[in-house]
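Each reported figure results from applying straightforward, stated rules to the coordinates on display, with no laboratory input. If you're wondering where the values come from, they're calculated on a predicted model, not measured in any experiment. Glycine gets a Cβ as well: all are built from the backbone with ideal geometry, and neighbour counts include every protein chain shown.
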Amino acid sequence: MRIGLIVIGVLLVALGVAALTGNLDFTRDKEVLKIGELSATVAKQETIPQWAGALGVLVGLGLIGAGAMRKH
């Protein structure tokens, strides 16, 4: 359990730092028109907000601290 907390914490910190620097983005497909079986979609590129990255870093650091303090 202890090593699991530390590993998850490190992953959250890494993802949080990536979000803070603006390097985490995703594509969202939105259907804008549908007539019968015909449909038109638009792909929109979005980034993860920086506040979410900061929250991920803080939670990750908390998990690392909890894992380091926890005894077997």
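Worth a mention:
- Using a simple spin-label model with pseudo-atoms 7 Å out from Cα toward Cβ, Glu37 and Leu61 lie 5.7 nm apart.
- The charge dipole of the chain, taken about its Cα centre with unit charges on the Cβ of Lys, Arg, Asp and Glu (plus for the first two, minus for the last two), comes to roughly 440 debye.
- The loop-placed trypsin sites (Lys or Arg not before Pro) in the chain, going by DSSP, that have at most 15 neighbouring Cβ atoms within 10 Å of their Cβ come out as Arg70, Lys71.
- Normalising the average separation of contacting C-alpha pairs (under 8 angstrom, six or more residues apart) by the number of residues puts the relative contact order of the chain at 48 percent.
- Against the chain, whose longest principal axis comes from its Cα atoms, helix 2-20 is set at around 50 degrees.
- When Cα Rg over 2.2 N^0.38 Å is calculated for this entry, the matching label among (i) 1.12; (ii) 0.98; (iii) 1.67 is (iii).
- Taken one residue at a time, the phi angles of region 52-66 give Karplus couplings (6.51, -1.76, 1.60, θ = phi - 60°) of 5, x, 5, 5, x, 5, 5, 5, x, 5, x, 5, 4, x, 5 Hz. Gly and Pro are set to x.
- Were the residues from Ile3 through Thr27 laid out at 0.36 nm apart, the gain over their Cα-Cα distance would be 5.3 nm.
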